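Undergrad: One structure coming up, written as structure tokens, with questions to follow.
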Amino acid sequence: MYFTKMHGLGNDYLYYFGELENPQELSKKLSDRHFGIGSDGIITISPSKIADFQMRIFNADGSEARMCGNGIRCVGKYVYEKGYTDKEVLKIETLSGIRTLQLKTVGTKVKSVAVDMGQAVVEGPVSLMVGDQEITCTPVSMGNPHAVVFTQDVENAPLNTIGAMLEKHEFIPDGVNVEFVEQIEPKLLRMRVWERDSGVTMACGTGACASVAAAVQAGICPLEEDITVQLDGGKLHIKIHMDMTVMMTGTADTICECEVKNI
């Protein structure tokens, strides 16, 4: 079996064209960074009846995710550079709906990908008891759930404690991605993330979108302008339109090709 290891800002997955038998167990095995290839999970790509391609996302713990902003950019790069399509505008079927990609190409290579992430649904801030602390967060849906926590010291944000506890808080019974966000400049946010079912990761595309949407709702970032989000793995550029539709632009990179035997 052949996989391509790719990453979007350090959010790395193993990409496979076709259907896999028992992808949940395979993702747990191959994602192990000591006994497997090492990744945040597996993303499968297959033909779709309602879009150009379908993607499915399996986390390192075997659970299936609804959407991955960094992963979908890599899907665009994968299908274009491997010759599955010559389109520069693609529609990708996900569990969160169809997403549209705009590929920026140079020759046969994809240099960056802009993604129409759909509408952000931002709720009012809520205060929750997390352990013995009261934490204020802004719930945001990007097709998957997020809790955005604004802070003045994101570098020392308690991802492994507060982030982990918020993920499984009784207020959000199905679990949530937790973003800690600090505003550095009017159009620059610094974000770190605890991802549902994955823990601390280098980047989260939907989390960056949710963070900017929450910042716009709070009046600290403008609509209709590019906002840069600095993640541990690099930068994403996010624009929130008047109807709260979100555009995300970022890079996608290939790490290596992998041949797997004796699975």
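The values are calculated or read from the model by the stated rules, or taken from the named source; none is laboratory data. The shown structure was predicted, so the numbers you read here are calculated from the model rather than taken from an experiment. Methodologically, a virtual Cβ is constructed for each residue, glycine included, from the backbone with ideal geometry; neighbour enumeration extends over all protein chains shown.
Undergrad: Has the stretch 1-22 got at least one residue that is touching a Lys or Arg at 6+ places or on another chain (Cβ under 7 Å), over 21 Å from R196 (Cα atoms) and touching a residue at least 60 places away in the same chain (Cβ under 8 Å)?
TA: no
Undergrad: Name every residue in the stretch 39-67 that is acidic (D, E) and within 20 Å of G10 (Cα to Cα), in order of residue number.
TA: Answer for the stretch 39-67, where residues must be acidic (D, E) and within 20 Å of G10 (Cα to Cα): D40, D61, E64.
Undergrad: May I ask you to verify whether I255 is more than 23 Å from R99 (Cα to Cα) and in the same structural domain as D32 (by TED's automatic domain parsing)?
TA: Yes: the conditions hold for I255.
Undergrad: From the list E155, E81, E167, pick out the single residue that is surrounded by fewer than 23 Cβ atoms within 10 Å (Cβ to Cβ) and in contact with a Ser or Thr (Cβ under 7 Å, 6 or more places away or on another chain).
TA: Among E155, E81, E167, only E81 is surrounded by fewer than 23 Cβ atoms within 10 Å (Cβ to Cβ) and in contact with a Ser or Thr (Cβ under 7 Å, 6 or more places away or on another chain).
Undergrad: Within the stretch 236-255, can you find the residues that are under 16 Å from T206 (Cβ atoms) and surrounded by fewer than 20 Cβ atoms within 10 Å (Cβ to Cβ)?
TA: If the condition is that a residue be under 16 Å from T206 (Cβ atoms) and surrounded by fewer than 20 Cβ atoms within 10 Å (Cβ to Cβ), then H237, K239, M244, T245, M247, T249 are the ones that fit.
Undergrad: Which of the following residues is outside any loop (DSSP other than H, G, I, E, B), closer than 30 Å to V89 by Cα, β-branched (V, I, T) and not assigned by TED's automatic domain parsing to the domain that holds E64: V178, V140, V110?
TA: V140
Undergrad: Still on this structure: Give the stretch 34-58 a look and list any residue that's without any contact (Cβ under 8 Å) to a residue 40 or more places away in the chain and more than 20 Å from the chain's Cα centre (by Cα), or say none.
TA: Hits for the stretch 34-58 are H34, F35, G36, P47, K49.
Undergrad: Determine whether the stretch 9-24 contains at least one residue that is surrounded by fewer than 19 Cβ atoms within 10 Å (Cβ to Cβ) and part of a helix (DSSP H, G or I).
TA: Yes, the stretch 9-24 contains at least one residue that is surrounded by fewer than 19 Cβ atoms within 10 Å (Cβ to Cβ) and part of a helix (DSSP H, G or I).
Undergrad: Another question, if that's okay. Looking at the stretch 25-53, which of its residues are aromatic (F, W, Y) and not in a strand (DSSP E or B)?
TA: F35
Undergrad: Filter the stretch 229-243 down to residues that are out of contact with any Lys or Arg (no Cβ under 7 Å at 6 or more places or on another chain) and in a loop (DSSP other than H, G, I, E, B) and give me whichever is modelled with the lowest pLDDT.
TA: G233
Undergrad: To continue, here is another question. Suppose the filter is in contact with a helix residue (DSSP H, G or I) (Cβ under 7 Å, 6 or more places away or on another chain), in contact (Cβ under 8 Å) with a residue 24 or more places away in the chain and surrounded by 13 or more Cβ atoms within 10 Å (Cβ to Cβ); does V212 pass it?
TA: Against the criterion (in contact with a helix residue (DSSP H, G or I) (Cβ under 7 Å, 6 or more places away or on another chain), in contact (Cβ under 8 Å) with a residue 24 or more places away in the chain and surrounded by 13 or more Cβ atoms within 10 Å (Cβ to Cβ)), V212 does not qualify.
Undergrad: I'd like the full set of residues that are within 11 Å of L189 (Cα to Cα) and assigned to a loop (DSSP other than H, G, I, E, B), limited to the stretch 204-228.
TA: The answer is I220, C221.
Undergrad: So L103 fits all but one of (1) surrounded by 15 or more Cβ atoms within 10 Å (Cβ to Cβ); (2) in contact with a Pro (Cβ under 7 Å, 6 or more places away or on another chain); (3) part of a strand (DSSP E or B); what number is the exception?
TA: (2)
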